[in-house]
Structure formats: C-alpha cells, structure tokens
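A short reminder: the numbers here are calculations on the coordinates, not readings from a lab. Here the structure is a predicted model, which means the values were calculated and not measured. Neighbour counts run over all protein chains shown; Cβ positions are idealised from the backbone, glycine included.
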Amino acid sequence: MLAPINKIPPEILALVPDFWDTRDRDQDVITLTHVCHAWREIFISRSSLWTDFDWLDEEKTQVYFERSKSSPINLSLDLNRGIPPRDPFQPTPHTTGRLKSLSVKGRSENVEAVTSRLSHPAPLLEHLSMSFDPPWWPSHYPALPPALFNGDLSSLRTLRLEFVHTELPWRNMVNLTSLALTRLQSGTVSGGQLLDFLESAPYLKEVKFYYATPTTGIQDGRLVSLGCLESMVIEADVPCSTLLEQLLIPVGAKLKLRVDLPNSSPIEQYLPRSLDNLRNLSNFTAVELYPDENYQDMKFSGPNGQVKMTLGNHRADLIFKVLAKLDTSKTERLILNRDYLLDRESLCQELLLMKNLRTLTLSRCDIPCTPIYALDPCSSEVMVCPKLEELVLVPYHRRMSHIIVRITEMAAARASRGEKLRTFRIVGGPEEVNLDVSELRKYVCNVEYGPMV
C-alpha cells in the first residue's frame, strides 16, 4: 500500500493505455490485468479498453464483448486463411449497431460470406475498409451487396475499397472526409456516378484514386467543387484529363498525379486542357524536376498549394510539354535533380522564361554545365534569370575542378553585365572543401560549403 504507484487515483491509472505508442496494445492491456487483483478490477471495468476485436478466437471474442459493455467496437477481419471452421463471426443487430470501425481483408471468394451477415444498420460506423486479393479474372471483381448495413452509411468518415465494387457508396456520404479507391473494375463506376458521389460528400479532405479513374459517362461542362480538399492523389494508366477538368481544386490543396504513359499517348490526355480550375497552380513559386530513366517527376509548389506529377515514360520532352502549359514567370526557386535526360536547348528556353528565379539548385546532375551554360550572358542576347542570387551545387561526381572553372566564367560574365551572384554554395564532403575557388570569389559575394538544408 506504500508503493508510489498506488497513490495514483484509479480513474487516472485507467487512462494510461491511451498514451501508449505500441503495435501490441491488446496484449499489453491483458498484461495489466495480471499484475494484481486491484489493477485487474480497474482495467477490466474500463469498457473502452476492450473494444478491438479480430473475431477469430471464439473465447476471446466473448470475453471482450462482455467487457466492452455498450462501447463502440472496432472489428478487424483477416480472412487470408479462409473462414475458420468454428466461425465466431455472427453479428446481431446489437453488435452491428455498436460498430465504429470495420476492416476486412482476405481472399475475394470470402466477400459474400462476410458481407451477407452485415445487413443490419450501423449508425455509429465511421471507418470502413474492404481490401481483397485481386481475382484471377479481372472481370470478376467481388461485389458488395446493396443491403450492406441496410444501405445507410451516413455516419461514415473514411472509406477504402480495394479490388471490390459496389453502387452503395455513391449516396448518404455527407460526413465522409477520406476516400480511397483502388483498382475499381472497369465500367462499374461511370464519371457521372463519381461526380455525383463527390458532390454528395462536401467535407472530403483526402481523396485517392489508384487506377480507379472512370473513362465513361463523363458529363461535359459539369464542375464539382471540392471546397474542403487538402490532398488528392491520382495514379492512372488511362486518360484522366476530363475528370481533372471537372474538379475545382481549392487554394492550399496538394495534388499528386502519377500516370503510366504509353509512348503513343499524348500528354494532353492526362492533364486538364485548362488549368483555371487547378487554383493551386495559379501562383507557384518553386519547381523541382527529377528526370529518371523510367519516370519524370515534377513538383510545383507555392503559397496556394502544391502539385506533384510523375509521368511513367522515359521521354524527357514531356517535362517541357507540361512546363509549356504553365506560367513560370513567378518561379523563384528551381531544383534540378539529375539532368542527363533533359534536352539542352529546351532547358535553356525554359530558364529564359523564369524571369524571377532567385535560387537554382543543381543536385546530382551528370552534366551541370548545361544549365550553367544557359546562365552565361555570352550564350544569349537576353539575360537569363536576371534576378538570380544563389546557385547551389550538390555534386554527383568528383570532376568538380572543371565545373568550378565553368561556373567562374559564367559568374564573371554576369558580373560584367551588373548581375553579380550573391551566393554560391557547394553541398558536399571534405573532397569538395579543398577545391580552389579563389578566382570564383572575385565575382561571387559569398562562397560557402555545407550540408543541404
């Protein structure tokens, strides 16, 4: 009785598991009940500690169900090994009425065996996840029955469907804030249905479409505003330009696009023909380019939001086709990561349009002399990036002495035109620190070495 732990009031002690950051909280709570008789009574009496069910162990399920009393429950069913012979999953109207979260994953042939028992209303259900293994035949995706939860999901906050289709989620979704659709069967959801659904879910904050972009039933001229949207992710191998043109992306939202683009498909089919509805692109100030052998990554960000695009194709000219659709005159910061796939002439032309560029970062570029050449006033009649103040170099190889000579020539030419660089920074190890930059210091105010910030 003199132990300090016993001075903690029981109602406070019972709250301790709420602050645990552990994957096995279930077992930890059981351990607490084995410490002593007093602790056992304290933790068993708190019903909210016994609300996480897997429903595969009949005895454990019964104990948890009794201890949880009338608290909302979270049910997780992993049916990858099939339904057990003594299946304890027999939900009653009382059980279903207490569901707060339901997660089901497993083989597609078990969908009907599970969902057929979920016909009772679930007025407390906030989180629903249905994830099944892909079927052998793509045309035989499992379907959720219309009678699931009596057709009413008005309390739902998050919905995640993977390799499953249904017409149910397209109504009664006024409280939904998060939606993730993965690999919907082609043709099961039309563009009009999807727009109807998005329009009926005005509080959506997070939307993810993974190869679930509809290609039929698009209603031309229709616009749906996603006023609360914070983040949208679209991954597709089919044209998604029409869908993007019908969504009003609000200021401050983040948009991420990743498309597997066949060599024969024009980039225009994967981008909206008009960027007016992508309001977070209206005033971006930073551009990051990451050309690679298989994907071209681009990230546009600014005070109004962020757009990241990944194009699944090795054609580097796609980057400049995207940039050509945007106004880069307000861009202040450009990060170029690995430039060996970029066209030299196109890069020079793009830099010419960035009249407000102040910081240029060349990270792990194979031939960093390409953009450096473009900055040299001797190579163009017009001063490229006249407001450039800082050049950052993250070396890829050890041929730095040659690059420093080229940068020195460029800096000297800009200084002679009254555009002296303020800062040149090398991000690297000791081998870069020993470079001879004495000549460069004559034309650049600050030459620095240090880690990337």
Charge tally for neighbours of Arg358 with beta carbon under 14 Å away, counting Lys, Arg as +1 and Asp, Glu as -1, is +4
In whole percents, the bins of 10 Å from zero upward hold the Cα-Cα pairs of the chain as 4, 17, 20, 17, 16, 14, 9, 3, 0
Would you mind ranking Ser241, Ser101 so that the residue whose beta carbon has the fewest other beta carbons within 10 Å leads the list?
Ser241, Ser101
As straight-line cross-link partners of Lys105, the qualifying aspartates and glutamates (C-alpha separation under 18 Å, not fewer than 8 residues apart within one chain) are Asp52, Asp54, Asp57, Asp78, Asp87, Glu126, Asp133, Glu162
Between the stretch 1-32 and the stretch 304-378, the Cα center-to-center distance that results, in Å:
56 Å
Distance cut-off 24 Å, Cα to Cα: go down the list Lys330/Lys420; Lys387/Lys442; Lys308/Lys330; Lys254/Lys330; Lys256/Lys387 and report the pairs above it.
Lys256/Lys387
Using Cα atoms only, what is the angle between the long axis of helix 400-416 and the major principal axis of the chain, expressed in degrees (0 to 90) to the nearest 10?
70 degrees
Structure-based [θ]222 nm, the chain - -39500 (n - 2.57) summed over DSSP H runs of at least 4, per residue, nearest 500
-6000 deg cm²/dmol
Put in order of increasing Cβ neighbours within 10 Å, starting from the fewest, Arg333, Arg417, Arg25 give Arg417, Arg25, Arg333
Run the reach check for Lys100 against lysines, Cα to Cα strictly under 28 Å, same-chain hits fewer than 8 apart removed. What comes back?
Lys60, Lys69, Lys205, Lys208
Which residue, Phe424, Asn337, Met410, has the largest displacement toward the positive end of the dipole of the stretch 328-453 when charges sit on each Cβ (Lys, Arg +1; Asp, Glu -1)?
Phe424
Sites removed, the longest contiguous part of the chain containing no DSSP-loop chymotrypsin sites (Phe, Trp or Tyr not before Pro) with at most 11 other Cβ within 10 Å is 137-453
